[in-house]
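Provided herewith is a single structure, encoded as structure tokens, for subsequent inquiry.
Please treat every number below as a calculation from the coordinates, not as lab data. Just so we're clear, the structure is a prediction, and the values are computed from it rather than from any experiment. A quick note on method: Cβ atoms are made from the backbone with ideal geometry, for glycine too, and the neighbour counts reach across all protein chains shown.
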């Protein structure tokens, strides 16, 4: 999976693309990172586009700025979806 990051967001996200495929979004639980879905990613990667991310403060999403909080997750995820045309 290829790693991405938007300038306006502390989130790091990962994409595996297939042409003309539906998307699957994986958001991990607390105290882990996107790797918790490796088995599911391996299973779905040949049929679906996959987007997974590290929530703020987890995995590689550690560059939070003053005012960044879990409350902004939906905004950041929405920006990722728009940027990637999902």
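Expressed as an acute angle from 0 to 90° and rounded to the nearest 10, what is the orientation of the C-alpha long axis of helix 73-83 relative to the principal long axis of the chain?
It works out to around 50 degrees.
If you count the DSSP beta bridges with both ends in region 13-61, what percent of them are antiparallel, to the nearest 5? Kindly include the intermediate steps, with their values, before the conclusion.
Numbers: 4 of 9 bridges.
Within region 13-61, antiparallel bridges account for around 45 percent of the total.
Give the relative contact order (percent, whole number) for the chain; include only Cα pairs under 8 Å separated by 6+ residues.
Normalised by residue count, the contact order of the chain is 31 percent.
Suppose only helical runs count, i.e. DSSP H with n ≥ 4. What mean residue ellipticity at 222 nm does that imply for the chain under -39500 (n - 2.57) per run, divided by all residues and rounded to the nearest 500 deg cm²/dmol? Show your work: numbers first, answer last.
Working: 2 runs with 18 residues, N = 86.
Helix-only estimate at 222 nm: -6000 deg cm²/dmol.
Could I ask something else about it? Based on DSSP, what percent of beta bridges with both residues in the chain are antiparallel, to the nearest 5? Before the final figure, lay out the partial values.
Numbers: 9 of 14 bridges.
Within the chain, antiparallel bridges account for around 65 percent of the total.
Here's a follow-up. Evaluate E = 1/(1 + (r/R0)^6) for residue 3 and residue 47, where r is the Cβ-Cβ distance and R0 equals 22 Å; express this FRET efficiency to the nearest 0.05.
Details: r = 22 Å, r/R0 = 0.99.
The pair residue 3/residue 47 has a calculated efficiency of 0.50.
Report the full-extension gain for the segment residue 36 to residue 18: residue separation times 0.36 nm, less the Cα-Cα distance, to one decimal in nm. Let's see the in-between values first.
Details: separation 18, 0.36 × 18 = 6.48 nm, distance 2.14 nm.
Extending this stretch completely gives an extra 4.3 nm.
To continue, here is another question. Pick from 53, 11, 25: which is most flexible by mean-square fluctuation in a GNM of the chain where alpha carbon atoms under 10 Å apart are linked?
25
Given the chain reduced to its alpha-carbon atoms as identical point scatterers, what log10 I(q)/I(0) does the Debye formula return at q = 0.18, 0.24 Å⁻¹?
Treating every Cα as an identical point scatterer, log10 I(q)/I(0) equals -0.74, -1.24.
If each residue's Cβ is checked for other Cβ atoms within 10 Å, how do 26, 37, 31 rank with the fewest at the top?
The most exposed by this proxy come first: 31, 26, 37.
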